[in-house]
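The values are calculated or read from the model by the stated rules, or taken from the named source; none is laboratory data. These figures come from a predicted structure and were not determined experimentally. Neighbour counts are summed over all protein chains in view; Cβ atoms, including those assigned to glycine, are modelled from backbone coordinates with ideal geometry.
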Amino acid sequence: MSVLRKICRSITARLRLRFYGVKRVDTTCYLAASSQISHDLVMGPYGYIGPNAEIPCMVYMGKYVMIGKELLITGNDHKFNLSGTPMIFSGRPSQKVTVIEDDVWIGSRVIIMTGVIIGRGSIIGAGSVVTKNIEPYSVVAGVPARLIRLRFTPDQINEHEKFLRARPVAGSFCESIF
């Protein structure tokens, strides 16, 4: 990546953080355009959120999180079990915390139900619907998302854990395909 491209990316990233009004997102993160992102989003260093994401309140993301376009985090937003009251007037339950741990890659058009924990090092295939917690280093896909395989062997996990425990460092970003 050229020096000029790096500078432009950094300036654009900082402007987008200001535009979205997020105060607890690391300045090394890049939030693409046209998203709806809650002001209370917490996101560690070197993260990316693709365009058209919908991220509600109480979402915590670790470092090195990479999210494809059109992520939707939703659910648990209406009470439906109050007999004698239409759902539209039933109110909302307390919002659940959604956690996306370090080094997670979420493909395009994924739906994640609120309150889910996605374990570190996991990969969520494009178009998946995540309805329950995902174990660390899992590769999952489908509707609902199911385990396809583990990303690493146990020895590789130990090696990767050492890297993730260290101070975050910049790497080389992928070149744009457009």
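Quick notes on this structure:
- Evaluating Ile112 against the criteria (1) more than 18 Å from Gln36 (Cβ to Cβ); (2) surrounded by 22 or more Cβ atoms within 10 Å (Cβ to Cβ) leaves one unmet condition, (1).
- Sole exception among (1) in contact with a strand residue (DSSP E or B) (Cβ under 6 Å, 6 or more places away or on another chain); (2) under 25 Å from Tyr30 (Cα atoms); (3) aliphatic (A, V, I, L, M) for Ile148, by number: (2)
- When Lys96 is tested against (1) out of contact with any strand residue (DSSP E or B) (no Cβ under 7 Å at 6 or more places or on another chain); (2) more than 30 Å from Ser2 (Cβ to Cβ); (3) modelled with pLDDT of 95 or more, exactly one condition is not met: (3).
- Selected residue (criterion: farthest from the chain's Cα centre (by Cα)) from residues of the range 49-65 that are surrounded by fewer than 19 Cβ atoms within 10 Å (Cβ to Cβ) and not in a loop (DSSP other than H, G, I, E, B): Glu54
- Comparison of Asp155, Asp103 shows that the only residue that is modelled with pLDDT of 95 or more, of a type in the set (Asp, Glu) and under 20 Å from the mean Cα position of the chain (by Cα) is Asp103.
- Strands (runs of 3 or more DSSP E) fully within the range 68-178 that include at least 1 residues being within 17 Å of Ala53 (Cβ to Cβ) and in contact (Cβ under 8 Å) with a residue 24 or more places away in the chain: 72-74, 98-100, 111-113.
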